[in-house]
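**Q** Below is a structure I'd like to ask you about.
The values are calculated or read from the model by the stated rules, or taken from the named source; none is laboratory data. Only a predicted model underlies this, so the values are computations on that prediction, with no experimental measurement involved. Heads up, the Cβs are rebuilt from the backbone with ideal geometry, glycines too, and the neighbour counts pull from every protein chain shown. We work out accessible area using only protein heavy atoms, side chains counted, and drop any ligands, DNA or RNA first. Shrake-Rupley method; radii C 1.70, N 1.55, O 1.52, S 1.80 Å.
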Amino acid sequence: MLLIHCPYCGEERPELEFRHAGEAHIARPENIAEISDEDFAHYFFYRDNPKGVTFERWRHMHGCGRFFNAVRDSVSDKFLTTYKAGEPKPDIADAANENQINTSKGQGAK
Amino acid sequence: MAEAQIARELPLAGRAAGGASVSITPAEPAMRVSLRAPQESIAAVSKGLGIDLPTRPKQSAVAGARSVLWLGPDEWLVIEEGDRDPMADLARATALHSAVDVSHRNTAILVTGTQVADVLNAGCPQDLSLEAFPVGACSRTVMGKIEVVLFRTAEDAFRVECWRSFSDYAFEFLRDAARGL
Ligand SMILES: [Zn+2]
């Protein structure tokens, strides 16, 4: 079972208490009534779904109830860091590189 | 108009389970409030309630028959086992807050005994060691397929708050877990 660090509870908690809540850092357009259908579709439906480091929203649903953001590697499933909602995207270059090394080691073993 | 007389029944009345190292019993009826309040209101709401709202994760505060459990940064569960209505006390606090009487949404199970953590850990993945979950600690979490609120009232005693309609599942889950000790 994964342990996920909740930035509001200040500790690692079992993944069963959490729910994934989609891609993070998607800003709702401030002029939403005026944008085109196409722009709305891009805001509302289109997601990057990258392979590798992703920024995601998670909710500590069966815990403190808060939404927060997480940086996760979608290849290794490893959480690189978590941070409170509203905080800026962390600089995760170092963590990502470290994880990349671990990942390539894993692939080499296959 | 005549006052309606409503008989209140504990959903788990009369049940008992456990063995030599753990005992599982339904808790007495209690009043409960789901309380939400922003940072700015905490002082005024605490004053109304007669207890300082705990502000650290997993922290609780107890005064007499009343307990306040931290559930989230702006959310608490108030449990009143005496006869002072917490809703009436909260009504006197004029600072912005939301208080919903959930006395009959929840019921509680008392689990006590030397192996209490082992029984709960049969369905709850949290670390319930005394280091991670000391006396007075509380947390919303999961147990088996349902959500519960755990409150450690002594080294060997937990109060398990669950929703009334899930209480049969919760009680039988604990009974099964105790059987496996
Ligand atoms: Zn949390």
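**Q** Would you please name the residue that is farthest from the other protein chains (Cβ to nearest Cβ), looking only at residues in the stretch A:6-49 that are within 16 Å of the ligand (Cβ to nearest atom) and of a type in the set (Lys, Arg)?
**A** Within the stretch A:6-49, the subset within 16 Å of the ligand (Cβ to nearest atom) is A:6-21.
With the extra rule that they be of a type in the set (Lys, Arg), the set shrinks to A:13, A:19.
Working: A:ARG13: 7, A:ARG19: 12 Å.
So the residue we want is A:ARG19.
**Q** Further question on the same structure: Would you check which residues across the stretch B:130-181 are touching a residue at least 24 places away in the same chain (Cβ under 8 Å), open to solvent by 10 Å² or more (accessible area, probe 1.4 Å), over 16 Å from B:THR107 (Cα atoms) and within 13 Å of chain A (Cβ to nearest Cβ) and list them?
**A** Passing the criteria: B:GLY144, B:LYS145.
**Q** Among (1) in contact with a Leu (Cβ under 9 Å, 6 or more places away or on another chain); (2) open to solvent by 10 Å² or more (accessible area, probe 1.4 Å); (3) of a type in the set (Ser, Thr, Tyr), which single condition is B:THR55 missing?
**A** (1)
**Q** All but one of (1) in contact with a His (Cβ under 7 Å, 6 or more places away or on another chain); (2) over 22 Å from B:THR141 (Cβ atoms) hold for A:TRP58; state the number of the condition that does not hold.
**A** (2)
**Q** Hey, another quick one. Filter the stretch A:53-75 for residues that are more than 30 Å from B:SER34 (Cβ to Cβ) and open to solvent by less than 10 Å² (accessible area, probe 1.4 Å); which is farthest from the ligand (Cβ to nearest atom)? Full working, then the answer.
**A** If we filter the stretch A:53-75 for residues that are more than 30 Å from B:SER34 (Cβ to Cβ), which is where we start, we get A:53-55, A:71-75.
Among the residues that remain, those that are also open to solvent by less than 10 Å² (accessible area, probe 1.4 Å) are: A:71, A:73.
On the way: A:VAL71: 17, A:ASP73: 22 Å.
Applying the filter and picking the extreme gives A:ASP73.
**Q** Do any strands (runs of 3 or more DSSP E) entirely within the stretch B:1-101 hold 3 or more residues that are more than 14 Å from chain A (Cβ to nearest Cβ) and touching a residue at least 60 places away in the same chain (Cβ under 8 Å), and if so, which?
**A** Numbers: elements: B:23-26, B:31-36, B:60-63, B:66-72, B:75-80, B:98-101.
Where strands (runs of 3 or more DSSP E) fall fully within the stretch B:1-101 and carry at least 3 residues being more than 14 Å from chain A (Cβ to nearest Cβ) and touching a residue at least 60 places away in the same chain (Cβ under 8 Å), they are B:23-26, B:31-36, B:98-101.
**Q** Determine which member of the set B:VAL78, B:VAL68, B:VAL33, B:VAL62 is open to solvent by 50 Å² or more (accessible area, probe 1.4 Å) and under 16 Å from the mean Cα position of the chain (by Cα). Can you show your working first?
**A** Numbers: B:VAL78 fails: open to solvent by 50 Å² or more (accessible area, probe 1.4 Å); B:VAL68 fails: open to solvent by 50 Å² or more (accessible area, probe 1.4 Å); B:VAL33 fails: open to solvent by 50 Å² or more (accessible area, probe 1.4 Å).
Selected residue: B:VAL62, the only one of B:VAL78, B:VAL68, B:VAL33, B:VAL62 that is open to solvent by 50 Å² or more (accessible area, probe 1.4 Å) and under 16 Å from the mean Cα position of the chain (by Cα).
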